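Each reported figure results from applying straightforward, stated rules to the coordinates on display, with no laboratory input. Since the model is a prediction, treat every value here as computed from it, not as a measurement. Neighbour counts are summed over all protein chains in view; Cβ atoms, including those assigned to glycine, are modelled from backbone coordinates with ideal geometry.
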Amino acid sequence: MSLNLNHGVWAGRLVRDPELRTTTSGLSVTTFTVAIDRRYKKGDEKQSDFLDCVAWRDRADFIAKYFKRGSAICVTGSVQTRTYEDNNGNKHKAVEVVVENADFVESKGNAQQNEQTYPAPSPSSPAPQQATIENIVDDDDLPF
């Protein structure tokens, strides 16, 4: 029996509509970003972390169909790192959650009333170009 220690649960709100695509082999894949509020002390400014997620097959179709920008979502999955090369030949490292399950956090009526708008994440360096499924470099290029 093996123990999977790379597993987590995250709940937050989508910062934009999920992007549903299909690979050349016909698999559905959707990417989305979840804003997760940090705990903060009274009087402190609210802070959020932005978690990039990817879901495949039926889960991808489900998320793209039922969730949109501002929707509350709870995802479970594992953290994955990968490297890819952009159109200019620059290598980048991406860290994302590979979604195993996604659940509703609130009813549809509450979702419309509580819809929050999160600004796009503002990383300290410019955001790398989104990798396409076809140009993902395999695990042999990882530094560990």
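Observations
- Size of electric dipole in region 28-107: Cβ of Lys, Arg +1 and of Asp, Glu -1, about Cα centre, debye, nearest 20: 180
- Lysines whose Cα lies under 25 Å from that of Lys65, excluding same-chain neighbours fewer than 8 positions away: Lys108
- Three-way shape call for region 3-50 based on the alpha-carbon gyration tensor, with the a/c threshold at 1.5: oblate
- For Ser28, the shell of other residues with beta-carbons less than 9 Å away shows a net charge of +1, using +1 for Lys and Arg and -1 for Asp and Glu.
- Point-to-point label distance, Thr24-Val79, nm (Cα→Cβ direction, 7 Å offset): 3.2
- In terms of packing, defined here as the mean over residues of other Cβ atoms within 10 angstrom, the peptides 54-60, 98-104, 29-35 line up highest first as 29-35, 54-60, 98-104.
- Lys, Arg +1 and Asp, Glu -1 on Cβ, resulting dipole of region 1-63 about Cα centre, debye, nearest 20: 240
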